[in-house]
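Right, one structure below, let's go through it.
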Amino acid sequence: MDFDDLEPRQKPKAPKPLDRHSVEELNDYIAALEAEIERARAEIAKKQGHRSAADAFFKS
């Protein structure tokens with residue numbers, strides 16, 4: 001086994017400094033993050049649906 005395989009594929013990004021932003025900018029940032037979370041949840045649901053369909057197909 002190669003030890004490089006144990007490393008994460010992408011290094012986590014450093015947190016964005018928030019103290020420089022106005023309240024309105026922070027609210028916009030939160031809205032953008034929530035939209036991205038919803039997009040990720042939709043993709044998870046789609047993949048789970050495909051997996052359920054495949055599981056049902058191969059069980060019969």
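The values are calculated or read from the model by the stated rules, or taken from the named source; none is laboratory data. Here the structure is a predicted model, which means the values were calculated and not measured. Keep in mind that these areas ignore ligands, DNA and RNA; they rest on the heavy atoms of the full protein, side chains included. Shrake-Rupley method; radii C 1.70, N 1.55, O 1.52, S 1.80 Å.
A few remarks follow.
- Cα-based shape type of the chain, given that a ≥ b ≥ c are square roots of the gyration tensor eigenvalues and the cut on a/c is 1.5: oblate
- Area of residue 43 that stays accessible when all protein chains are in place (1.4 Å probe, Å², to 10): 80 Å²
- Exposure ranking of 39, 20 by accessible area [1.4 Å probe, largest first]: 20, 39
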